[in-house]
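Right, one structure below, let's go through it.
Read-outs throughout are calculated quantities, based only on the coordinates presented, and are distinct from any laboratory measurement. Not measured: the values here are computed from a predicted model. Heads up, the Cβs are rebuilt from the backbone with ideal geometry, glycines too, and the neighbour counts pull from every protein chain shown.
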Amino acid sequence: MAPGLFVKQDPAKRAMLLTALYVAQEQYGHLTPEAVQRVADRLNMPPGEVYEAATFYSMYKTKPAGRHVIQVCEGLSCHLAGGAEGLLEYLQETLGVKAGETTPDGLFTLEMVQCLASCGTSPAMRINDTLYENLTTDQVDMILQELRGG
Ligand code: FES
């Protein structure tokens, strides 16, 4: 569900909400019910509306995530390019988790998103703030190995 009408009609309020959610996520690690309530209190908004925004945008986490959040695009451009499904399958197999899950060691969370703003360079993935494009399985292996510290 898209964020509420109130936020849609007030770009300044929306900008404040998105910033506040970002700061709260940095402080709490993810957007806990307490964090959502604090943002709602600060912005004088209904907590339900804050929660809607928190669950609508892929950069916000309402559940604990692994240290490295891997996002793979399932958007139309990447789907048509044909690289995203293979990348997702490879990551699921390599990490032993499905999309939406975190590895038991807490190191990786695998997520599907609608667009990484990298539509012409599929297959692509974002890990935390770093975008990787035109990936091969060998490159994925090297990236994961580096993030594991080896
Ligand atoms: S549709 Fe996949 S990056 Fe945009």
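Structure data summary
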| read-out | value |
| --- | --- |
| Angstrom value of the Kirkwood radius, inverse mean 1/r, which spans all Cα pairs in the chain | 16.5 |
| Point-charge dipole on Cβ atoms (K/R +1, D/E -1) for the chain, about Cα centre, debye to 20 | 560 |
| Nearest 10 degrees, 0 to 90: helix 84-95 Cα axis against the chain principal axis | 80 |
| Residues with amide H under 5 Å from that of Y132, placed H, sequence gap 5 or more | M125, R126, I127 |
| Helix axis angle, 33-43 relative to the chain longest principal axis, alpha carbon, degrees | 50 |
| The chain: relative contact order in percent, alpha carbon pairs under 8 Å with at least 6 residues between | 19 |
| Highest average packing first - 116-123, 67-74, Cβ atoms within 10 Å | 67-74, 116-123 |
| Rounded to 5, percent antiparallel among DSSP beta bridges of the chain | 55 |
| Whole-Å semi-axes of the ellipsoid equivalent to region 17-65 (Cα gyration tensor, √5λ, descending) | 15, 11, 9 |
| Angle between the chain longest axis and helix 11-28 axis [Cα atoms, degrees, rounded to 10] | 60 |
| Share of pairwise Cα separations in region 72-129, more than 16 Å, in percent | 38 |
| Relative contact order of region 65-109, defined on C-alpha pairs under 8 angstrom at six or more residues apart (%) | 55 |
| Positive-end extreme of charge dipole, region 1-129 - chosen from L116, L18, M59 (charges on Cβ) | L18 |
